[in-house]
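Before any comments, here is the structure.
The values are calculated or read from the model by the stated rules, or taken from the named source; none is laboratory data. If you're wondering where the values come from, they're calculated on a predicted model, not measured in any experiment. Every residue, glycine among them, receives a Cβ derived from its backbone with ideal geometry; neighbour counts consider all protein chains shown.
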Amino acid sequence: AQRVTQPEKLLSVFKGAPVELKCNYSYSGSPELFWYVQYSRQRLQLLLRHISRESIKGFTADLNKGETSFHLKKPFAQEEDSAMYYCALFNNAGNMLTFGGGTRLMVKP
Amino acid sequence: DVKVTQSSRYLVKRTGEKVFLECVQDMDHENMFWYRQDPGLGLRLIYFSYDVKMKEKGDIPEGYSVSREKKERFSLILESASTNQTSMYLCASSPLAPYNEQFFGPGTRLTVL
C-alpha cells in the first residue's frame, strides 16, 4: 500500500532562514509526487510537481528514490510562506492522490 | 480560471440526520473527488468519480455515499451523520488524463452534534 509521511506537524523558522519540509513515501511503482499548499483562508492549491522539475516561489523539491524522499526546500524563507504544506503521491493509474499528514510552516519576522 | 464551488462553508447537523454536501465545477473536468481534512491526518479520500454515474471508493468510504448525475456536480451524502464525521470536507476536480493537478473547492466545515 502506498503511504506518505510528513514527520513534522509544525516547523517554525525565522525570516531569511533556510527551510526544509520533509516528505517520505512508500510505493512499489515509479512515484509521481506533488506538493500542495494551503495559505490562511485560501483553498488548497498545487505548489509544484516532481514531473515538471520546476521552482515555484523559490521552492524546489528533489526526488530521492534511494531514500524514498521528496523534501521541499527554500534557501530563504519569507513571512508569506507561512502556510500548511502537504506532500502527495499519485497511484499507479495516476488518478488518486495519497496525502501526507501536512506540515504547518510558520515564518517569524 | 477553474472554479470549484461547494454549497456551504459551515454546516451544523444533529446525530442521525441525513446530510448532503454539494460540489460543482465549471471546467468540464471528468474526475471529481471528495476528501476529508483532519489535523495530523492530512487529506483522506472518501470517494471519487471519473464519469457521470461512475464512482470508486477511496480510503475511508464507510458511512458515506456519493452521487454524480451530471458531469459538473458531485454530491457527498452522509446517510446518518455521526459525531466522528465532524470534519472539513474538500471537493476537488481534475481532467481525466493521469497525474493532473487537482483543483480544490473552499471546503465545508461540518459539525455533527
*For region A:13-71, what are the residues that are surrounded by fewer than 13 Cβ atoms within 10 Å (Cβ to Cβ), among the basic types (Lys, Arg) and free of Cβ contacts under 8 Å to residues at least 24 places away in the same chain?*
A:ARG41, A:ARG53
*In region B:51-70, what residues are part of a loop (DSSP other than H, G, I, E, B) and closer than 20 Å to B:GLN85 by Cβ?*
B:LYS55, B:GLY58, B:ASP59, B:ILE60, B:PRO61, B:GLU62, B:GLY63
*Quick check: is even one residue across region B:85-96 away from every other protein chain (no Cβ under 14 Å) and under 11 Å from the mean Cα position of the chain (by Cα)?*
no
*Within region A:59-109, considering residues that are assigned to a strand (DSSP E or B) and among the hydroxyl-bearing types (Ser, Thr, Tyr), the one nearest to the other protein chains (Cβ to nearest Cβ)*: A:TYR86
*What number of residues within region A:69-97 are over 12 Å from the mean Cα position of the chain (by Cα), within 19 Å of A:ALA1 (Cα to Cα) and at pLDDT 95 or above?*
0
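Conditions (1) away from chain A (no Cβ under 12 Å); (2) within 23 Å of A:TYR85 (Cα to Cα); (3) crowded, with 20+ Cβ neighbours inside 10 Å, marked per residue:
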residue	(1), (2), (3)
B:LYS3	no, yes, no
B:LYS13	yes, no, no
B:PHE20	yes, no, no
B:GLN25	yes, no, yes
B:ASP28	yes, no, no
B:ARG36	no, yes, yes
B:LEU41	no, yes, no
B:LYS53	yes, no, no
B:PRO61	yes, no, no
*asked:* It is to be established whether one or more residues within region B:67-75 are more than 14 Å from chain A (Cβ to nearest Cβ), of a type in the set (Gly, Ala, Ser), in contact with a Leu (Cβ under 8 Å, 6 or more places away or on another chain) and surrounded by 14 or more Cβ atoms within 10 Å (Cβ to Cβ).
replied: yes
*In region B:79-87, is there at least one residue being assigned to a strand (DSSP E or B) and modelled with pLDDT of 95 or more?*
yes
*Report, by residue number, each residue of region A:25-58 that is in a strand (DSSP E or B) and among the aromatic types (Phe, Trp, Tyr).*
A:TYR25, A:PHE34, A:TRP35, A:TYR36
*Looking at region A:3-27, which of its residues are polar (S, T, N, Q) and closer than 17 Å to A:ASN64 by Cβ?*
A:THR5, A:GLN6, A:ASN24, A:SER26
